[in-house]
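Okay, so here's the structure we're looking at.
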Amino acid sequence: MPLARALVDGGLPVAEITFRTAAASEGIRGIARDVPEMILVAGTVLTMQQLEQAVEAGAIYIVSPGFHPAIVDWCLARGVAITPGVAAPSEVIVALSALKHSVPGDLNLVALAEVQQLVAGSMAVFSAEASRN
């Protein structure tokens, strides 16, 4: 967990653990246990089983590469922040409609705003570092 600790100590308390390997849920669980102030995002969530494993392990934000209605509905019903991937205009409309018409969807906007602020702050740090080098 040294990397997670270093990220938090450096002011970037967010990490995405992707479900590209079988070790994803254990990685989330370990970071949640050892670095509880880390905002844990589970990425590349493709199935309901991965979703449930991620949240049970400690992920508070889900990223899916596509719009999977059951995954979105499950997250919204439980107040878990979700960003489904969309590509076509019709997918964008469906996703916005699903996220906009629920109280937990407002939590998604709050979580997204927090992540955007963290990223914006980090980009400023990275820009300052790059200009020094």
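Could you tell me which numbered condition Gly66 fails, if it satisfies all but one of (1) part of a helix (DSSP H, G or I); (2) in contact with a helix residue (DSSP H, G or I) (Cβ under 9 Å, 6 or more places away or on another chain)?
With respect to (1) part of a helix (DSSP H, G or I); (2) in contact with a helix residue (DSSP H, G or I) (Cβ under 9 Å, 6 or more places away or on another chain), Gly66 is out only on (1).
Counting just the residues of the stretch 4-34 that are of a type in the set (Val, Ile, Thr) and out of contact with any helix residue (DSSP H, G or I) (no Cβ under 8 Å at 6 or more places or on another chain), which one comes out modelled with the highest pLDDT? Write out each step before concluding.
The first filter runs over the stretch 4-34 and keeps only residues of a type in the set (Val, Ile, Thr), leaving 8, 14, 17-18, 21, 28, 31.
Imposing the further condition that a residue be out of contact with any helix residue (DSSP H, G or I) (no Cβ under 8 Å at 6 or more places or on another chain) reduces the set to 8, 21.
Numbers: Val8: 94, Thr21: 91.
Here the residue is Val8.
Is it fair to say Glu56 is assigned to a loop (DSSP other than H, G, I, E, B) and either at pLDDT 95 or above or more than 14 Å from the chain's Cα centre (by Cα) (or both)? Show your work before the answer.
On the way: assigned to a loop (DSSP other than H, G, I, E, B): no; either at pLDDT 95 or above or more than 14 Å from the chain's Cα centre (by Cα) (or both): yes.
The answer is no for Glu56.
May I ask you to list the residues in the stretch 73-94 that are buried (at least 18 other Cβ atoms within 10 Å of the Cβ) and within 18 Å of Glu16 (Cα to Cα)?
Selection gives Cys75, Val80, Ala81, Ile82, Thr83, Pro84.
Which of the residues spanning the stretch 13-37 are touching a Gly at 6+ places or on another chain (Cβ under 8 Å), of a type in the set (A, V, I, L, M, F, W, C) and not in a strand (DSSP E or B)?
To start, the set of residues in the stretch 13-37 that are touching a Gly at 6+ places or on another chain (Cβ under 8 Å) comprises 16-19, 28-29, 31-33.
Cutting the leftovers down to of a type in the set (A, V, I, L, M, F, W, C) gives us 17, 19, 28, 31-32.
Phe19, Ile28, Ile31, Ala32 - these are the residues of the stretch 13-37 that are touching a Gly at 6+ places or on another chain (Cβ under 8 Å), of a type in the set (A, V, I, L, M, F, W, C) and not in a strand (DSSP E or B).
Looking only at the stretch 36-57, how many residues end up being buried (at least 21 other Cβ atoms within 10 Å of the Cβ) and more than 24 Å from His68 (Cβ to Cβ)?
Count: 1.
Which ones in the stretch 8-26 are farther than 15 Å from Leu51 by Cβ and touching a Leu at 6+ places or on another chain (Cβ under 8 Å)?
Leu12, Pro13, Val14, Ala15
State yes or no: is Leu40 in contact (Cβ under 8 Å) with a residue 24 or more places away in the chain, touching a strand residue (DSSP E or B) at 6+ places or on another chain (Cβ under 8 Å) and outside any helix (DSSP H, G or I)? Steps first, please.
Values: in contact (Cβ under 8 Å) with a residue 24 or more places away in the chain: yes; touching a strand residue (DSSP E or B) at 6+ places or on another chain (Cβ under 8 Å): yes; outside any helix (DSSP H, G or I): yes.
Yes: the conditions hold for Leu40.
Contact list please: Cβ distance under 6 Å, first residue in the stretch 67-87 and at positive phi, second residue surrounded by fewer than 21 Cβ atoms within 10 Å (Cβ to Cβ) and among the hydrophobic types (A, V, I, L, M, F, W, C), pairs at least six apart or on different chains.
Close Cβ pairs satisfying both conditions: Gly79/Leu107.
Going by what's in this entry, would Ser64 be described as hydroxyl-bearing (Ser, Thr, Tyr), over 15 Å from the mean Cα position of the chain (by Cα) and at pLDDT below 95? If you could, list the steps in order and put the result at the bottom.
On the way: hydroxyl-bearing (Ser, Thr, Tyr): yes; over 15 Å from the mean Cα position of the chain (by Cα): no; at pLDDT below 95: yes.
No; evaluated as a whole, the condition is false for this residue.
Which members of the stretch 15-35 meet the condition of being loosely packed, with under 14 Cβ neighbours inside 10 Å and among the β-branched types (Val, Ile, Thr)? Show your work before the answer.
Taking the stretch 15-35 and keeping what is loosely packed, with under 14 Cβ neighbours inside 10 Å, we get 20-23, 26, 33-34.
Within the stretch 15-35, just Thr21 meets the criteria.
The values are calculated or read from the model by the stated rules, or taken from the named source; none is laboratory data. Computed from a prediction, not measured in an experiment: that's the story for all the values here. Glycine also receives a Cβ, built like all others from the backbone with ideal geometry; neighbour counts cover every protein chain displayed.
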